[in-house]
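Some notes on the structure that comes next.
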Amino acid sequence: SKTKALRIFRKAEKGEVKTFEWQCQRKDGVLFHTEGTVSSFSVGNGSYLLAILRDVTSRKENEALLKIRMHQQNLLSQFLWSLGEFRSVEELYDYIALVLKRESEADAILIAEYHPQSETFQIRTSMGFKKFGELWKISIPLHSIGPEHLELLQSRNLFPVEKGLSSLIPDKLLKRQWEMVERVLGIHFTYLMGISVERKLYGGVVFFYKTKPGPEHPSFIESIVNVAGVGIQRLYAQDALRISEEKYRRIFEHIQDVYFETDQDGKIKEISPSIEYTSRFRFFREALIGKPFSQLWQDPKIYNAFWTTLMQVGFVSDFEMSLLGKETLLVPCGITAKVIWNKNGDSTGVIGSFRDITRQKTNEQALKKALEEKEALLREIHHRVKNNLQVIISLLNLGASQSEDPRVLQQLEECGERIRSIAMIHERLYHSEDLSHIDFRSYIQSLISELFGMYSTGDRIACKTHIDAITLNIETAVPCGLILNELLTNALKHAFPENKRGVIEIVFKRQKDRYVLTFRDNGIGLPRVSRSQGPKSMGLQLVEILTKQLEGKIRVERKQGTTFRISFPLGK
């Protein structure tokens with residue numbers, strides 16, 4: 001120090017040094033920094049030097065702190081940059097552990113990863129205490145940490161674990177082993193910090209110290225851990241994105257439907273490799289990029305109709321197209337597409353997919369053919385049933401011609417009329433477009449014409465009808481037709497004797513969930529005996545039986561003739 005002082009004074013005498021730094025010592029031995037100025041002056045014949053010192057300890061400390069901060073800031077920037085270069089989670093954790101151990105000056109360090117599914121911390125990497133490496137392979141349940149520690153883990157702050165890591169391990173054997181390790185290695189101070197981003201926990205870091213009570217710059221260590229959390233979050237997001245991309249790439253490459261994207265002008269931006277198989281290897285994905293989507297279509301007019309509709313509506317579903325296949329082959333396809341709009345409402349392109357519907361078309365044609373064949377068969381059945389019923393009627397007529405008993409003749413005639421009403425239904429079904437239902441209004445008109453012609457009533461008996469447009473299936477039409485046949489036959493034969501004039505009225509309506517058939521005549525009415533004993537003739541007994549078959553109800557009125565009101569459910 002004396003030598004340095006003499007050097008400063010000599011330079012000052014020559015005017016070379018004006019300011020200098022000097023470290024001084026107080027009486028208590030504490031060193032402090034000063035900054036001095038020295039100048040020379042003369043008094044008489046004597047020359048003198050004047051030195052002035054001032055304490056700059058605070059400035060020096062600030063400068064040292066700023067230097068440390070700059071170093072830490074540079075290290076954090078480099079650390080953050082380096083985190084982005086890792087593609088492996090294992091390498092990332094090892095690098096984080098290396099940096100944290102170096103900067104924290106910890107004797108050992110371990111990093112645990114948090115698994116939310118099992119709610120446990122699993123050790124991913126460690127540094128220090130290599131001979132106890134197997135003990136790092138532990139998992140710590142979240143519930144064993146305790147609510148106070150859990151809150152600290154999510155606080156993004158470093159905190160001490162007073163009883164050591166062993167106090168957080170629930171397994172008794174592992175707990176004793178860790179207690180032994182901490183005792184043998186002389187671990188006296190343990191610190192823990194959670195790795196979390198936006199309150200989402202990704203893991204934790206444990207710092208072990210033998211003699212040092214903790215990191216010298218805890219806030220810097222916290223910054224490193226928080227930056228590491230961002231790096232871990234980013235890598236997990238990249239892994240999730242990569243897995244998602246690989247998943248959808250596999251779907252894109254193996255999907256049977258053809259996915260496509262076009263720009264606003266209809267040029268292909270992307271199309272899935274399935275176009276090769278769907279077009280029977282006429283088109284290939286790489287060759288189609290940038291080409292007009294219209295060149296896939298066989299008919300330009302259909303494409304123009306598709307594109308116009310799509311631009312007007314914004315969405316098209318199951319639009320049928322003919323895809324050009326190899327040579328002259330055409331592949332029927334169903335296409336679904338939608339327009340992509342920007343925030344200004346302008347079209348930026350189209351996305352969609354189409355699929356080969358050859359099998360569907362083949363099945364539709366086969367089904368249509370089968371239905372046509374079944375329809376033809378059903379028509380033939382109705383035709384043959386009608387013919388067979390006509391044969392039965394002919395046999396009954398033949399039997400009637402060979403009998404002289406009036407009662408037998410009457411019964412045979414009535415049976416023939418009943419069979420004829422059934423035959424008329426099959427005749428109607430044979431000529432109907434719907435082979436399972438008939439237009440019952442038309443059937444009633446035909447039945448009236450048939451029976452009025454048979455009984456040659458001329459114009460003395462009028463028939464009025466009020467019939468809704470009702471179609472009935474064969475199960476309902478047959479009993480309903482037989483009922484009408486009995487009532488109309490009975491009225492024509494018995495209601496107007498001795499050429500009496502009269503009117504028959506038939507009303508058939510749908511009322512809510514039931515059909516209502518009303519048959520009315522203004523003839524002589526039913527015999528009085530039927531009031532107490534009910535109808536005794538075979539025809540009227542048949543009407544009651546058929547009404548029960550329809551699960552219906554019948555009501556008979558005998559005022560100014562006879563009225564039958566029959567109602568039955570729509571299902572019948």
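The values are calculated or read from the model by the stated rules, or taken from the named source; none is laboratory data. What you see is a predicted model, and the numbers here were worked out from it, not measured in a lab. Using ideal geometry, Cβ is built from the backbone for each residue, glycine included, and neighbour counts are taken over all protein chains shown.
Could you check region 439-472 and list, in sequence order, the residues that are within 16 Å of residue 492 (Cα to Cα), touching a strand residue (DSSP E or B) at 6+ places or on another chain (Cβ under 8 Å) and in contact (Cβ under 8 Å) with a residue 24 or more places away in the chain? It would help to see each step written out before you state the result.
To start, the set of residues in region 439-472 that are within 16 Å of residue 492 (Cα to Cα) comprises 444-465.
Adding the requirement that they be touching a strand residue (DSSP E or B) at 6+ places or on another chain (Cβ under 8 Å) leaves 444-445, 448, 452, 460-465.
Listed by number, the residues that qualify are 444, 448, 452, 460, 461, 462, 463, 464, 465.
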Among (1) farther than 21 Å from residue 78 by Cβ; (2) surrounded by fewer than 19 Cβ atoms within 10 Å (Cβ to Cβ), there is one condition residue 145 misses while meeting the rest; what is its number? (2)
What single numbered condition from (1) modelled with pLDDT of 85 or more; (2) of a type in the set (Gly, Ala, Ser); (3) farther than 22 Å from residue 552 by Cβ fails to hold for residue 453? (1)
Out of all the residues in region 196-219, which are closer than 19 Å to residue 164 by Cα and of a type in the set (A, V, I, L, M)? 205, 206
Which count do you get for residues in region 220-261 that are in contact with a Leu (Cβ under 9 Å, 6 or more places away or on another chain) and exposed (fewer than 11 other Cβ atoms within 10 Å of the Cβ)? 0
Qualifying residue in region 201-220 (condition: modelled with pLDDT of 85 or more, more than 15 Å from residue 159 (Cβ to Cβ) and part of a helix (DSSP H, G or I)): yes
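Determine whether region 103-121 contains at least one residue that is in a strand (DSSP E or B), within 23 Å of residue 168 (Cα to Cα) and of a type in the set (S, T, N, Q). It would help to see each step written out before you state the result.
Keep residues of region 103-121 that are in a strand (DSSP E or B), which gives 108-115, 120-121.
Next, from what is left, pick out any that are within 23 Å of residue 168 (Cα to Cα): 108-115, 120-121.
With of a type in the set (S, T, N, Q) added as a condition, the list becomes 120.
Yes: region 103-121 contains one or more residues that are in a strand (DSSP E or B), within 23 Å of residue 168 (Cα to Cα) and of a type in the set (S, T, N, Q).
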Could you grab the pairs with beta carbons closer than 6 Å, sequence gap of 6+ or different chains, first residue in region 90-113 and touching a residue at least 12 places away in the same chain (Cβ under 8 Å), second one of a type in the set (D, E, K, R) and surrounded by fewer than 22 Cβ atoms within 10 Å (Cβ to Cβ)? 93/124; 107/210; 109/101; 111/124; 113/124
State yes or no: is residue 240 assigned to a helix (DSSP H, G or I), out of contact with any Lys or Arg (no Cβ under 8 Å at 6 or more places or on another chain) and free of Cβ contacts under 8 Å to residues at least 24 places away in the same chain? yes
Long-range neighbours under 7 Å by Cβ, at least six apart or interchain, first residue over 10 Å from residue 60 (Cβ atoms) within region 14-36, second modelled with pLDDT under 85 and charged (D, E, K, R): 17/11
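Do we have residue 28 as at negative phi and touching a strand residue (DSSP E or B) at 6+ places or on another chain (Cβ under 6 Å) here?
Details: at negative phi: yes; touching a strand residue (DSSP E or B) at 6+ places or on another chain (Cβ under 6 Å): no.
So residue 28 does not fit the description; no.
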In region 42-85, how many are over 57 Å from the mean Cα position of the chain (by Cα), β-branched (Val, Ile, Thr) and assigned to a helix (DSSP H, G or I)? 1
With the checklist (1) hydroxyl-bearing (Ser, Thr, Tyr); (2) modelled with pLDDT of 80 or more; (3) in contact with a strand residue (DSSP E or B) (Cβ under 6 Å, 6 or more places away or on another chain) in hand, flag the one item residue 436 doesn't pass. (2)
Hits in region 37-50 - residues which are touching a residue at least 24 places away in the same chain (Cβ under 8 Å) and either more than 26 Å from residue 14 (Cα to Cα) or of a type in the set (Gly, Ala, Ser) (or both): 39, 40, 47
Looking at region 341-376, which of the residues that are closer than 14 Å to residue 259 by Cβ and touching a Gly at 6+ places or on another chain (Cβ under 7 Å) is surrounded by the fewest Cβ atoms within 10 Å (Cβ to Cβ)? 355
Taking region 473-494, which residues are surrounded by fewer than 21 Cβ atoms within 10 Å (Cβ to Cβ), in contact with a strand residue (DSSP E or B) (Cβ under 6 Å, 6 or more places away or on another chain) and in a helix (DSSP H, G or I)? none
Taking the condition of a type outside the set (A, V, I, L, M) and at pLDDT below 90, does residue 334 pass? no
Scanning region 20-58 for residues that are in contact with a Gly (Cβ under 6 Å, 6 or more places away or on another chain) and aromatic (Phe, Trp, Tyr), the one farthest from residue 7 (Cα to Cα) turns out to be 22
Hey, any hits in region 258-271 for a residue that's without any contact (Cβ under 8 Å) to a residue 60 or more places away in the chain, more than 21 Å from residue 356 (Cα to Cα) and in the same structural domain as residue 97 (by TED's automatic domain parsing)? no
Being in a helix (DSSP H, G or I), surrounded by fewer than 14 Cβ atoms within 10 Å (Cβ to Cβ) and not basic (Lys, Arg) is true for just one of 150, 98. Which residue is that? 98
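Across region 318-375, what is the number of residues that are part of a strand (DSSP E or B) and within 20 Å of residue 302 (Cα to Cα)? Let's see the steps before the verdict.
Filtering region 318-375 for residues part of a strand (DSSP E or B) gives 318-324, 330-341, 347-356.
Pick out the ones that are also within 20 Å of residue 302 (Cα to Cα) and you get 318-324, 330-339, 349-356.
The qualifying residues number 25.
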